[in-house]
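The values are calculated or read from the model by the stated rules, or taken from the named source; none is laboratory data. Here the structure is a predicted model, which is why all the values come from computation and not from measurement. Cβ sites come from the backbone with ideal geometry, for glycine too, and all protein chains shown count toward neighbours.
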There are 2 protein chains.
Amino acid sequence: MKHYYELDEWNIIEKGFDSDNNEISESIFSLGNGFMGQRANFEEDYSGNSLRGNYIAGVYYPDKTRVGWWKNGYPEYFAKVLNSTNWIGINIRINDLTLDLAKCSVSEFKRVLNMKEGYLKRSFVATLENGNEIEVNSKRFISMERCEIGVIKYSIRLLNFSGKLEFSPYLDGNVVNCDSNYDETFWDEISKGAKPYESYVMLKTKKLDFHICTSMTFELTKNGETIKPIVTLNEGEKYVSNTVSVDCYKNDELIIYKYVANTSSRYYKIPELIKITRELASIAKKDGFGMLLEEQSKAWSEKWRESDIVIKGDVSAQQGIRFNIFQLNQTYTGEDYRLNIGPKGFTGEKYGGGTYWDTEAYCIPFYLSTAKEKVSKNLLLYRYNQLGKAIENAKKLGFKNGAALYPMVTMNGEECHNEWEITFEEIHRNGAIAYAIYNYVNYTGDKSYLYEFGLEVLIAISRFWAQRATFSSKKNKYVILGVTGPNEYENNVNNNWYTNKIACWTMQYTLNVINYLSEHESKTLDELKSKVNFKDDEIVNWINIIKNMYYPHDEEHGIFLQQDGYMDKEQILVKDLDKKNIPINQNWSWDRILRSCFIKQADVLQGIYLFEQEYDIATIKRNFDFYEPRTVHESSLSPCIHTILAAKIGNHEKAYDMYLRASRLDLDNYNNDTKDGCHTTSMAGTWMAVVHGFGGLRVINNKLILNPFIPDHWCSCSFKIMFRGALLNIKFTKETLQIQNENEMPINLLVYETDYYLTGNDLLEVKLP
Amino acid sequence: MKHYYELDEWNIIEKGFDSDNNEISESIFSLGNGFMGQRANFEEDYSGNSLRGNYIAGVYYPDKTRVGWWKNGYPEYFAKVLNSTNWIGINIRINDLTLDLAKCSVSEFKRVLNMKEGYLKRSFVATLENGNEIEVNSKRFISMERCEIGVIKYSIRLLNFSGKLEFSPYLDGNVVNCDSNYDETFWDEISKGAKPYESYVMLKTKKLDFHICTSMTFELTKNGETIKPIVTLNEGEKYVSNTVSVDCYKNDELIIYKYVANTSSRYYKIPELIKITRELASIAKKDGFGMLLEEQSKAWSEKWRESDIVIKGDVSAQQGIRFNIFQLNQTYTGEDYRLNIGPKGFTGEKYGGGTYWDTEAYCIPFYLSTAKEKVSKNLLLYRYNQLGKAIENAKKLGFKNGAALYPMVTMNGEECHNEWEITFEEIHRNGAIAYAIYNYVNYTGDKSYLYEFGLEVLIAISRFWAQRATFSSKKNKYVILGVTGPNEYENNVNNNWYTNKIACWTMQYTLNVINYLSEHESKTLDELKSKVNFKDDEIVNWINIIKNMYYPHDEEHGIFLQQDGYMDKEQILVKDLDKKNIPINQNWSWDRILRSCFIKQADVLQGIYLFEQEYDIATIKRNFDFYEPRTVHESSLSPCIHTILAAKIGNHEKAYDMYLRASRLDLDNYNNDTKDGCHTTSMAGTWMAVVHGFGGLRVINNKLILNPFIPDHWCSCSFKIMFRGALLNIKFTKETLQIQNENEMPINLLVYETDYYLTGNDLLEVKLP
């Protein structure tokens, strides 16, 4: 794999301007702060290939569904996060020529994402058509401290001429979503105003009435001295700009600082939006770029303190994992329980920015371990608050009595997706949502969540499973028919092992929680039972289903069978496929993929990962050795699970191979689709690959377990873990494992099957076997 | 079931104007002649609900595919028959008020489809807003003798006033397809011309360059006398009209005769189109309405002589079957091997007018028995000529060596449909195309078809089956995975019994044909083998697959199992369903339908029908008794097959029930969808229900077999059958069966297991058991 970006422990560095790669870099160098984010578009005009994207979390549009053949139950709308006001724009004219990198000769181009301090910088020398040569240095960031604020420092030095320089900082609401189903625009202008050094644009979505407001202000220096030239105002439909013109001599440096505040009616009352954004922009300007950058650096330093993974001896792996952690922290900060994590974060429009099971299955473990309890709790509350809609959704599909089916893709709790085999059948997602509750309580020890919120969700999901399972007289067992498992290269199958497993697990866990509460919180339990009209014969029914669930298995290979009939397929291994067929999703028709034995992503293995404690190593190994060679990993969510299990069974080489595939997926554009945006949610999987894979970290029976190993050419690997109030600093090399408990809370640990008890600030050192 | 239309043996009669029912009547009263057709729209303006539709056979447009989630292998286009120039229009103004039934008071409204003579007539009295009262009588038909010609006689009598009457006959190319995927228009104007009493419009499709030209001329009489008022010309985009204004007194009758010629570049060179349509319209005018109507009546009398079914004692059944036969004869005449039969004929736009397996599975038996050999042969040649495209289609899906997969829906041989579970998986259609060849040779005895055309198709289809079957080591059998059988309420199943059956049957039949030809036409066979690069080891392979094919079955019930795992479903019967759930396709979400045991249409039973001779009565009965109660018949193609098998096993009551459901499907708007068009292809199934069901007609081992029974309250049923050159007139009552061989050709017959030999004009009378 060739590295387009330079290897560096803390930075992503692009050297040289390659316009063909620009859209990929726009994804890679994206910035965000959990409330808004944007692709790394240029500030100045650019007429080359570019997907200009600015996104405000939670501001979405119900785009009318596009469908070939309608099926009963499809949703009418696909809610998608909107591309919104372009606030970074600064039109630049040099002696009346517009600066546009597609139209001039560019040298010494360099783009750097400084992940340590959280900013994007860019520098280049441009020779314009008229021979004028300039040097540009820009730096921008979206403030982690002030969620509405984005700032830009943009400097131009005249290298070989004297003449007129014009800056026109602007705000432009004439934006479209490139994934709009019917080429519609989604914004109406509400108001705008251009005053010298202070302008704003307020827009409203054509449906749902989300209002967003963007205000900008700016200041200029010439050779370090503040100047305040006369401003020419310009207004157009959804557009405002300020133009300043400055005469400069050769070697003069002109800098513009643009301060922007963005917010929406999700946070402030509509009549206040203009005033608030103006004030916030004005305060930012008063505080100044330097102070804001210092804040930013400090905020990121705090993030890194909690969530960094340090890998010594492998810059590529170090850069990869930091890039993943950086993107995750940019995307979701856990401040707002109404927000969630789209598959592309703020880096692109694909998948509409909706919430998928990725959140529960991949992101929750990351945030649980690396951020305050509240962050994961807010992700859980997001689903709790959508429970009513999930019950409605299930009702639409014929379920009753408060059964809930959470949507495959959602923004506000309503289903957005319209592929029957996914929307209606990929129901294992419901299990992941239950599992996340278990995971949260397991990590945090916060049992109050169960009676305040968790059990209500668990009961509704268990009701769904109980109704979705049917009794087969033929098998004399309960079966779950017509599903799509995590492996989406099988559709509408019967008895997907993973689905049957997580269904029963959910019911059993719900029963456990009910038992626990009946002992410890019986009054609250009774209230809840009454609220959701829970009858004890449901318990009897669930127990009956759990006891009598059918699980497909194959005696010959001693494995859990992915689904009924899987062994009727021609059993070919990925390694025996002609390479020209790979990826099969780009080379084979869909039916051919479906009837092949090839697996898109961990399915049985996903289940074994979740419920690992139930299986002995031999069983895990048999299943891994059977399924891994049949898995094409054409989902970015796959290799990380395989890393973890390969590590578990001691297949260290495979674990490392899979990790490489996961960790630099976007940086190396492995799937040739990074220009659509980064694979943000799967980045959490990469984190899991390191911590659960190489670190061998598990939580079982309230105990933190560690069984680390380090890949051959790594010197050391270290990361931190928050667990039940303790903060552990974990570092392992080829020889030893060091664990320091960084705060007061004592903790039980199991390392290589030996028990340890660590009180505050204890440092434990264990020799690796 | 309430009858909206009056019961009559030869006519469909609507009495009273019900605007809510208008679109249904527009479908029901449609006219056609195999080359063009139209919905029964009004000649005069109508601002109420209406789907105006004029269609020219074979003139289609590649409309860009609409799809929610693209799957590899989907076609880029959906070719659809185009709504084309509205040629029936006559704008009528009475004292400067436009006649529009939606805007006046209407009485004595009557619409009659005279099926015996092939015309549509309409009469009503209208009182306009100004109080003017008129009586209108119109009659129109599309000539069966002159395939380009349509004529209209439209008369107005002034009932209570004197004043000015204006007729504006027009041609209007400003038409859209209501099923257009992206609301695009498909026509460009090429030229037009309005001269007094003679105008034309020539259009071209925006893609594929189909040219169509429509010319009109007209004449007027007043109280029986020809008049020739001055004409005002009017032209617009794709529009021409002639306006004449006549002053009339109370009780005057003004009649306009409009003669129109329509044709396309499929039949004439583009530069000739205007001249030819003008000439044809002019000749029609010269010959006059009366003579043309006489021709029409004669042509239909000939059609009825060959294809009528007479049912005595049940007007409803009589009307139903005649309506079905009338529509079939209007839709396809078998003159042009490039044409085929869309599911809605010329009565609507749904399904795009494309060719489905309906043609081979349902229509071929009708045309084989009721029309000259050439008609069915042309339907076969249609597929023969598309063989290259079918091979390309299979190649796109990964098949090789000349394997062919005929499209699910097509116009020119390319696949149009884009639902993966249908397009890629409902592959049994390939078998129906092979079976049609067998059927044709079986009925006609024309074995030359096999070596001229048939075998090439059979080899290509057999190659597909041989590649599509895979070997299951688990089962030690060949399996066919990932298919959708005829029952589309199951998708992506393994080992659909019907599909496995017809796959092996096709290979076996192909082998039989090869054997036959190696004995009788070995030179031709060798040439063909060389042409398609046929190797004898393919024979070995096919025999191996046929011998080792897996057929799912259920021991407990002694039935062929629809597919693997069918018995794992909850076994509920249709009769036990709450009625509010029916039809399930309107009340249940798609996944719920899929995992239910309910069957949309005959599936195993379809196979038993095709290969009946292989099964004893007990086996047929066991399968029928198992599957019938689980079948919801939500495909119009289902009840007829059930009628036939019910008749076979002596379940006469069920046979009659199913027949009722089939025969008046559109007349009684049973499925509440007739406004989209009639179920034209399934009408052939109704014919099969009578002839193969009640008539018990089969062809086995070159012998015609008859085992008739008559429903309780029918007095007699008679029909004709062409078989191997003989023309049999068959009539049966409760007591006897009469068979008269109407021409010279002798024939072998088996009636109630007794052999008969009928030479020309022999009359056989058999007492019914």
Qualifying residue in region B:352-362 (condition: surrounded by fewer than 20 Cβ atoms within 10 Å (Cβ to Cβ), within 14 Å of the chain's Cα centre (by Cα) and not basic (Lys, Arg)): no
Number of the condition not met by B:Asn500 [criteria: (1) within 25 Å of the chain's Cα centre (by Cα); (2) within 14 Å of another protein chain (Cβ to nearest Cβ); (3) assigned to a helix (DSSP H, G or I)]: (1)
Residues (in a loop (DSSP other than H, G, I, E, B) and within 14 Å of chain A (Cβ to nearest Cβ)) located in region B:409-444: B:Val409, B:Cys416, B:His417, B:Asn418, B:Glu419, B:Phe424, B:Glu425, B:Glu426, B:Ile427
Qualifying residue in region A:44-63 (condition: more than 14 Å from every other protein chain (Cβ to nearest Cβ), surrounded by fewer than 22 Cβ atoms within 10 Å (Cβ to Cβ) and in contact with a Cys (Cβ under 8 Å, 6 or more places away or on another chain)): yes
Only listed residue being touching a helix residue (DSSP H, G or I) at 6+ places or on another chain (Cβ under 7 Å), closer than 30 Å to A:Glu145 by Cβ and outside any strand (DSSP E or B), chosen from A:Glu44, A:Glu117: A:Glu117
Region B:259-299, residues that are aromatic (Phe, Trp, Tyr) and either farther than 20 Å from B:Lys153 by Cα or surrounded by fewer than 16 Cβ atoms within 10 Å (Cβ to Cβ) (or both): B:Tyr267, B:Tyr268
Enumeration of residues in region A:554-592 that are surrounded by fewer than 13 Cβ atoms within 10 Å (Cβ to Cβ), out of contact with any Lys or Arg (no Cβ under 7 Å at 6 or more places or on another chain) and not charged (D, E, K, R): A:Gln586
Any hit, region A:331-350, residues being in a helix (DSSP H, G or I) and among the acidic types (Asp, Glu): no
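Please find, within region B:150-168, the residue that is nearest to the chain's Cα centre (by Cα) out of those that are of a type in the set (A, V, I, L, M, F, W, C) and farther than 15 Å from B:Ile256 by Cβ. Talk me through it step by step, then tell me what you get.
In the first step, residues of region B:150-168 are kept if they are of a type in the set (A, V, I, L, M, F, W, C); the result is B:151-152, B:156, B:158-159, B:161, B:165, B:167.
The next check asks that each one be farther than 15 Å from B:Ile256 by Cβ; those that pass are B:159, B:161.
Numbers: B:Leu159: 42, B:Phe161: 47 Å.
Once the filter is applied, the top-ranked residue is B:Leu159.
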Matching option when the condition is away from chain A (no Cβ under 14 Å), touching a residue at least 40 places away in the same chain (Cβ under 8 Å) and farther than 25 Å from A:Asn393 by Cα, among B:Ala647, B:Ala618: B:Ala647
Residue in region A:650-672 that is in contact with a Lys or Arg (Cβ under 8 Å, 6 or more places away or on another chain) and under 24 Å from A:Trp357 (Cβ atoms) present: yes
Among (1) within 13 Å of another protein chain (Cβ to nearest Cβ); (2) over 25 Å from A:Trp69 (Cβ atoms); (3) out of contact with any helix residue (DSSP H, G or I) (no Cβ under 9 Å at 6 or more places or on another chain); (4) not hydroxyl-bearing (Ser, Thr, Tyr) - the single one B:Gln586 does not satisfy: (2)
Number of positions in region A:300-333 that are surrounded by fewer than 19 Cβ atoms within 10 Å (Cβ to Cβ) and of a type in the set (Gly, Ala, Ser): 3
Lone qualifier among B:Glu425, B:Glu349, B:Glu335 - being more than 24 Å from A:Ile593 (Cβ to Cβ) and in contact with a strand residue (DSSP E or B) (Cβ under 9 Å, 6 or more places away or on another chain): B:Glu349
Residue satisfying all of: in region A:363-397; within 14 Å of another protein chain (Cβ to nearest Cβ) and among the aliphatic types (A, V, I, L, M); surrounded by the fewest Cβ atoms within 10 Å (Cβ to Cβ) among these: A:Leu397
Residues (of a type outside the set (D, E, K, R) and closer than 18 Å to B:Ile721 by Cβ) located in region B:439-452: B:Asn439, B:Tyr440, B:Val441, B:Asn442, B:Tyr443, B:Thr444, B:Gly445
Within region A:750-769, considering residues that are of a type outside the set (Asp, Glu) and closer than 18 Å to A:Lys648 by Cα, the one surrounded by the fewest Cβ atoms within 10 Å (Cβ to Cβ): A:Pro769
Matching residues, region B:286-334, being among the small types (Gly, Ala, Ser) and within 21 Å of B:Leu727 (Cβ to Cβ): B:Ala299, B:Ser301, B:Ser307, B:Gly334
In region A:466-477, the residues that are outside any loop (DSSP other than H, G, I, E, B) and more than 10 Å from chain B (Cβ to nearest Cβ): A:Ala466, A:Gln467
Residue within region B:647-658 that is under 20 Å from B:Asn707 (Cα atoms), crowded, with 22+ Cβ neighbours inside 10 Å and β-branched (Val, Ile, Thr) present: no
Residue satisfying condition, being part of a helix (DSSP H, G or I), at pLDDT below 95 and either in contact with a strand residue (DSSP E or B) (Cβ under 8 Å, 6 or more places away or on another chain) or not basic (Lys, Arg) (or both), within set B:Ala281, B:Ala317: B:Ala317
Region B:559-583: number of residues that are touching a residue at least 40 places away in the same chain (Cβ under 8 Å), more than 13 Å from chain A (Cβ to nearest Cβ) and among the charged types (D, E, K, R): 1
Residue in region A:470-493 that is outside the structural domain of A:Leu339 (by TED's automatic domain parsing), crowded, with 24+ Cβ neighbours inside 10 Å and touching a Cys at 6+ places or on another chain (Cβ under 8 Å) present: no
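Looking only at region A:512-525, count how many residues are under 32 Å from the mean Cα position of the chain (by Cα) and either within 17 Å of A:Ala403 (Cα to Cα) or free of Cβ contacts under 8 Å to residues at least 60 places away in the same chain (or both).
1
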Condition check for B:Lys400: of a type in the set (D, E, K, R), in a loop (DSSP other than H, G, I, E, B), closer than 25 Å to A:Cys597 by Cα and within 14 Å of chain A (Cβ to nearest Cβ): yes
Pairs, first touching a residue at least 40 places away in the same chain (Cβ under 8 Å) and more than 25 Å from A:Phe598 (Cβ to Cβ) in region A:485-510, second of a type in the set (Lys, Arg) and buried (at least 24 other Cβ atoms within 10 Å of the Cβ), C-beta under 7 Å, six or more apart: none
Qualifying residues in region B:445-465 (those that are out of contact with any Ser or Thr (no Cβ under 6 Å at 6 or more places or on another chain) and among the hydroxyl-bearing types (Ser, Thr, Tyr)) - the one nearest to the other protein chains (Cβ to nearest Cβ): B:Tyr449
